[in-house]
Amino acid sequence: MQVATSPLRIRLPNGKFVTSSHTCDLDLFLIPRAARLAHIVPDMSGHSLISVVKLCNAGCKVTINDISCEVTFQGKKVVSCHKCTKTGLWMMPLENLQEEDACPKITSGMSMPVSKEELPSAMNAHSSTSTSTKAELAQYHHQSLFSPPISTLIKAIRNTPSQLESFPGLTQQLLRHLPPSTATYKGHMHRHRKNIQSTRSDRDAQREARQELEDMNPQQQVCAAHEADMFCFAALADAREGVIYTDLPGPFPIQSIQGMQYIFVCYAYQPNAILVRPMKSQSAACMVEAYKDIYEGARIQAKTQYHRQQVL
């Protein structure tokens, strides 16, 4: 309730004028808000006046006959009035009207009020498609659910029927009329791998392959003149003792934390050892430092007599 900013000025039958002081909302929760707005007139404390025109302008329908007066909104009866035997006026309940009392009552064996939360929820259809046969209806529901397998759809109807209430007519009997769906077959193709349980034994081939790999002295084969493929086998060895080979690869794209960007590689033939040392650059000082580090750190350097460097 709040003070009226635009009060009403009402003329009574005796010629007297009265003015409203406050505004409020009626406790009729099932009628539109525009029809619930009321003005409080202190000089009219006996009874309240209801405007039928205001109810109709808000979207309600008022039906009055000789025995009843009903107010309906969106096809539902929201208020039922009774007639006073003394004055002949229709009386609408306004005081002490709770939301539970304003809701329609559902009777099952005995009359008892039902709260608004317990009423069944209304369902709205945002689109409709006309069908003529059961096959078309089954195909429409099936495609709306992204063409699942029929067995999956039947399990859903059996286990969770409440989840499919928004699909009217979708039952197991309707699925019998469902035509074959190409989308279902394409989306659930199962191709089995072949030759995973072969009946042929390849033990002999595996044994021969192992023998060829383990044979260190394979049988020599003479190549014919008309054959284009030539296979050569060679064994390399250095007869001299104390020979080392060195190489300096190119720079790495990123330096290390210590500033190293090159690697000096040294191979000693006789002990068959590969030695590497990091370098900061290709300068003479870095090369000499890497040589000294390898000579002093390796035991074989006392026998070194020949040095061969790989040049690219």
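The values are calculated or read from the model by the stated rules, or taken from the named source; none is laboratory data. For clarity, every value in this text was computed on a predicted model and none was experimentally measured. Glycine gets a Cβ as well: all are built from the backbone with ideal geometry, and neighbour counts include every protein chain shown.
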Matching residues, the range 280-306, being hydrophobic (A, V, I, L, M, F, W, C), at pLDDT below 75 and surrounded by fewer than 12 Cβ atoms within 10 Å (Cβ to Cβ)
A302
Of the conditions (1) under 27 Å from T87 (Cα atoms); (2) touching a Pro at 6+ places or on another chain (Cβ under 6 Å), A58 clears all except one; give me its number.
(1)
Inside the range 36-94, can you point out the residues that are closer than 28 Å to T19 by Cα and of a type in the set (D, E)?
D43
Note: among L178, L174, L170, just one is among the aliphatic types (A, V, I, L, M), touching a helix residue (DSSP H, G or I) at 6+ places or on another chain (Cβ under 9 Å) and not in a loop (DSSP other than H, G, I, E, B), namely L174
Turns out the strands (runs of 3 or more DSSP E) fully within the range 1-77 with at least 1 residues that are within 17 Å of L94 (Cβ to Cβ) and among the β-branched types (V, I, T) are 22-25, 37-40, 61-64, 69-73
Determine if the range 91-99 includes at least one residue that is modelled with pLDDT under 80, under 42 Å from the mean Cα position of the chain (by Cα) and not in a loop (DSSP other than H, G, I, E, B).
yes
